[in-house]
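As structure tokens, the structure follows; a few thoughts come after it.
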Ligand code: PEP
């Protein structure tokens, strides 16, 4: 039987968002929480267009140690403030086992990033909670390795697991990663877990986040995780892959049209 992950979200009727059900769920927000104004502006805009879950990184796995690594707990507090204001559930990354309890105090969904897909101590720790967990595909992971990583969480008793395709490493340099669209229909055959698409990390390019979002939904994605920024050219992190608020506004009706057609 397919797993449906339920997330409390005050902004929807009945107060529960179901991931893996009939509706495609939109999770959107900034790559990284930078300031209260940036977060609140983005949250207001994405909520208005129909997003029900707010994304935002507070603990960032930066490729360079000199890059912006997030506001830490201060960022989590701002996310909680946005939840109070807009009623959206919060998804944010947790990077170490020792932070799990603290991140759980603020987050509705824990995100395991691509770099930590095989951090087994971290997987065990989030598995001991009962919070929904998004586990991103390791950038060079096979489906089998990814599903076994998810199994670490499930085997600790946490059944609320969502798989996230976020692109893999290939020889191609035109995109940051290569979105593996086959993940959506294939994982529906290989697993009972809901599948989420991250076309922002998956492409690294604002101009093709929209088409890849539509393709993911057409291929069977249950939900989307999209980076949106009020002024991406000035973003402290990953501006190139963050879409603008007008682009997000344009994308939502297109997604409804694709979801309605399948
Ligand atoms: C993110 O979503 O903020 C992120 C860092 O993603 P990934 O782990 O896929 O690189």
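Key figures for this structure:
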{"quantity": "Qualifying residue in the range 89-99 (condition: within 21 Å of residue 117 (Cα to Cα), touching a residue at least 40 places away in the same chain (Cβ under 8 Å) and over 18 Å from the mean Cα position of the chain (by Cα))", "calculated": "yes"}
{"quantity": "Cβ-Cβ under 9 Å pairs, at least 6 apart or on other chains, the range 55-68 side over 24 Å from residue 26 (Cβ atoms), far side more than 10 Å from the ligand (Cβ to nearest atom)", "calculated": "62/68; 62/69; 67/236; 68/34; 68/236"}
{"quantity": "Selected residue (only one of 56, 50 is within 23 Å of residue 250 (Cα to Cα) and away from the ligand (no atom under 16 Å from the Cβ))", "calculated": "50"}
{"quantity": "Flag for residue 228 being within 16 Å of the ligand (Cβ to nearest atom), in contact (Cβ under 8 Å) with a residue 24 or more places away in the chain and in contact with a helix residue (DSSP H, G or I) (Cβ under 7 Å, 6 or more places away or on another chain)", "calculated": "yes"}
{"quantity": "Given (1) surrounded by fewer than 23 Cβ atoms within 10 Å (Cβ to Cβ); (2) within 17 Å of the chain's Cα centre (by Cα), number of the condition residue 41 does not satisfy", "calculated": "(2)"}
{"quantity": "Flag for residue 22 being closer than 20 Å to residue 216 by Cα and in a loop (DSSP other than H, G, I, E, B)", "calculated": "yes"}
{"quantity": "Answer from 210, 202 - the residue that is within 13 Å of the ligand (Cβ to nearest atom), on the phi < 0 side of the Ramachandran plot and in a helix (DSSP H, G or I)", "calculated": "202"}
{"quantity": "Verdict on residue 210 being surrounded by fewer than 21 Cβ atoms within 10 Å (Cβ to Cβ), under 17 Å from the mean Cα position of the chain (by Cα) and either at pLDDT below 95 or more than 24 Å from residue 62 (Cβ to Cβ) (or both)", "calculated": "yes"}
{"quantity": "Out of 67, 75, sole residue that is within 13 Å of the ligand (Cβ to nearest atom) and in a helix (DSSP H, G or I)", "calculated": "75"}
{"quantity": "Residue match in the range 129-141 (condition: farther than 17 Å from residue 223 by Cβ, surrounded by 19 or more Cβ atoms within 10 Å (Cβ to Cβ) and in contact with a helix residue (DSSP H, G or I) (Cβ under 8 Å, 6 or more places away or on another chain))", "calculated": "yes"}
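The values are calculated or read from the model by the stated rules, or taken from the named source; none is laboratory data. Everything quoted here is computed from the prediction, not taken from an experiment. Cβ coordinates were reconstructed from backbone atoms using ideal geometry, including for glycine residues, and neighbour counts include every protein chain displayed.
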